[in-house]
1. Return only the number of the condition from (1) part of a helix (DSSP H, G or I); (2) modelled with pLDDT under 95; (3) within 19 Å of the chain's Cα centre (by Cα) that Arg193 does not satisfy.
2. In segment 59-111, what residues are under 29 Å from Pro124 (Cα atoms) and of a type in the set (Lys, Arg)?
3. For Glu205, are the conditions met, namely being over 15 Å from Gln95 (Cα atoms) and assigned to a helix (DSSP H, G or I)?
4. If Asp215 satisfies every condition in (1) assigned to a strand (DSSP E or B); (2) within 10 Å of Glu155 (Cβ to Cβ) but one, which is the exception?
5. Does segment 163-172 include one or more residues that are of a type outside the set (Ser, Thr, Tyr), within 15 Å of the chain's Cα centre (by Cα), assigned to a helix (DSSP H, G or I) and at pLDDT below 95?
6. Name the helices (runs of 4 or more DSSP H) wholly inside segment 49-157 in which the number of residues that are surrounded by 14 or more Cβ atoms within 10 Å (Cβ to Cβ) and either of a type in the set (Asp, Glu) or modelled with pLDDT under 95 (or both) is 2 or more.
7. Does segment 13-35 include one or more residues that are of a type in the set (Phe, Trp, Tyr) and over 19 Å from the mean Cα position of the chain (by Cα)?
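The values are calculated or read from the model by the stated rules, or taken from the named source; none is laboratory data. Small disclaimer: the values here were computed from a predicted structure and weren't measured. Cβ: placed from backbone, ideal geometry, glycine included. Neighbour counts: every protein chain shown.
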Amino acid sequence: MADFSDYIVYADESGDHGLDRIDQDFPVFCLAFVVVKKTEYIEKLVPAIQRIKFDFWGHDWVVFHEHEIRKQKESFAIFKNDRILRADFYQRINQLIEVVPFWVISAVIRKNVLREHYSKPFNPYDLALRFCLERLFRLMRDEGQLGKKITLMFEKRGRLEDRQLEEEFYKIVRNNKLGSSDIPDKNKITGFRRMEFEILFAGKERNFIGMQVADLIARPIALSVLRPEQENRAYSIIKKKYPFGRGNKIFP
């Protein structure tokens, strides 16, 4: 049996990663990781989210989706004409993110700047993925997870896109360069290969709590870069979840 990591990672994004036609109202792409210890996930994060669902809807069928919450659509239409209920819901979500132990790793790619600075720019998704994986590796190293297998859960987007992402993911984690400045272990393995990385894909309808939390945090992180002068209560909470003072990666 594999020596599984004590942690699991859930990923989501905000914005699109295309460079051909950039939406000037949202010219950024954000990839966010929620890194949570499995015991904390089972004992704290899942029960806290389930409690909110039962308190507001009476069941846990509802799936938290930031876009639907913001637009007050589908299950979240209950907030449309009830400001008190809506404010209570946001307060509960903010409190949960603030209190429940987990880390956030993120990268925001400024697509306009990327295209201006590089004649042949890399895919923003690939860039963000590399930045996040590098920080994840260092965090897991510091948490004593070397030699263990860690699973990352991504949202399904489409067969072709998922295959391309999977190929890029394994291309990165099979790279043996990262960490070469570290003190090598006895069999001389360095970089990402000092851990085993696995990527899995799931649709939001599967109701994975970790996926929903990642979905909730990605847009506020993107907005913190896009509109830094704008009040962003959610990000003021999220930024406290960055490990060891390593904040959001902004590129370029």
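1. Condition (3) is where Arg193 drops out.
2. Once the filter is applied, which keeps residues that are under 29 Å from Pro124 (Cα atoms) and of a type in the set (Lys, Arg), segment 59-111 yields Arg70, Lys71, Arg110, Lys111.
3. Judged against the criteria, Glu205 is a match.
4. The one condition Asp215 does not meet is (1).
5. no
6. Once the helices (runs of 4 or more DSSP H) in segment 49-157 are filtered for at least 2 residues that are surrounded by 14 or more Cβ atoms within 10 Å (Cβ to Cβ) and either of a type in the set (Asp, Glu) or modelled with pLDDT under 95 (or both), what remains is 66-71, 124-142.
7. no
One line per residue, one yes/no per condition, for (1) under 16 Å from Asn175 (Cβ atoms); (2) within 14 Å of the chain's Cα centre (by Cα); (3) free of Cβ contacts under 8 Å to residues at least 24 places away in the same chain:
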residue	(1), (2), (3)
Ser119	no, no, yes
Phe122	yes, no, yes
Leu127	yes, no, no
Cys132	yes, yes, no
Leu136	yes, yes, no
Arg141	yes, no, no
Gln145	no, no, no
Phe154	no, yes, no
